[in-house]
Amino acid sequence: MLRLIIVLLLVAVHAVPVAAEPLSVRVVDAKGKPVRDAVVTVRPVGTRPAPPSISGRYSVSQKDMQFNPFVLVVPVGANVSFPNFDASKHHVYSFSPAKRFELKLFARDQSRSVRFDKPGVVALGCNIHDAMSAFIIVTDSPWTARTDAQGVVQFDNPPNAAARLSVWHPFLRSPGNIVATPIGAGHRFQRFVLNLRPPPMRMSHDY
């Protein structure tokens, strides 16, 4: 009887999934400086996890003749508002395959919204102010995040399985502005060195 109890306990212990330890990713440029606004995505190999939940509010504001934030990550199906805090009118648009839209002239303290229902990179522009640009990354992976000023993202509960880890950045010298590498189950740290091209001279962002 005692042996049976021990066997059952051992089976129960092994049946409980082990929680994955955090996965930390650091992104730097060729000189070793941190790269902010890089978007890191983890995708398990051979499985399709449930899409990320839509929580909170998502916004790309226009202020001081800039879009803020420069890079925004949203889950598929999210609604994004575009409030205008400038004295000037703006005309926000995108020709990206993931989402084509046009928000014609709207003035200060006015706002428009768009639903992003397809994963991909959406490049934003203003038809009135050419120096304004930004990007919305629409993701169907629950493990997608943007690097901070130190070039770091951390996933507290990554997939505990083999996966593909990718990094996107608008100035990355690579097809599709993306690089990727496979990682094994239990991998806890990854460092990417990106070869970045200079930002356009007309950009007012501090890069």
- Note on the structure: Scoring the stretch 50-140 by relative contact order with C-alpha pairs under 8 Å, at least six apart, yields a percentage of 32
- Note on the structure: Matching label for the computed volume of the Cα convex hull per residue in Å³, out of (1) 140; (2) 149; (3) 173, is (1)
- Here the FRET efficiency for R188 versus N79, based on Cβ atoms and R0 = 22 Å and rounded to 0.05, is 0.05
- Task: Only helical DSSP H runs with n ≥ 4 go in: add -39500 (n - 2.57) per run for the chain, normalise by residue count and round the 222 nm mean residue ellipticity to 500 deg cm²/dmol.
- Result: -2000 deg cm²/dmol
- Query: For the stretch 83-178, what is the Kirkwood estimate of the hydrodynamic radius, computed as the reciprocal of the mean inverse distance between distinct Cα atoms, to one decimal in Å?
  - Reply: 15.8
- Item | Antiparallel bridge percentage (DSSP; both residues within the chain; nearest 5) | 75
- Message: I want to check the label-to-label distance for A180 and S53. Put each point 7 Å from Cα in the C-beta direction and report it in nm to one decimal.
- Response: 2.8
- Note on the structure: Between A30 and N68, the two model label points (7 Å from Cα along the beta-carbon direction) sit apart by a distance in nm of 3.3
- Quote the relative contact order of the chain in percent (integer), defining contacts as alpha-carbon pairs under 8 Å separated by 6+ residues. 30
- Item | Distance (nanometres) between label positions extended 7 Å along Cα→Cβ at L105 and D130 | 2.0
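Only the coordinates and a few stated rules stand behind these numbers; no lab work does. Every value quoted in this text rests on a predicted model; they were computed, and no experiment measured them. Cβ: placed from backbone, ideal geometry, glycine included. Neighbour counts: every protein chain shown.
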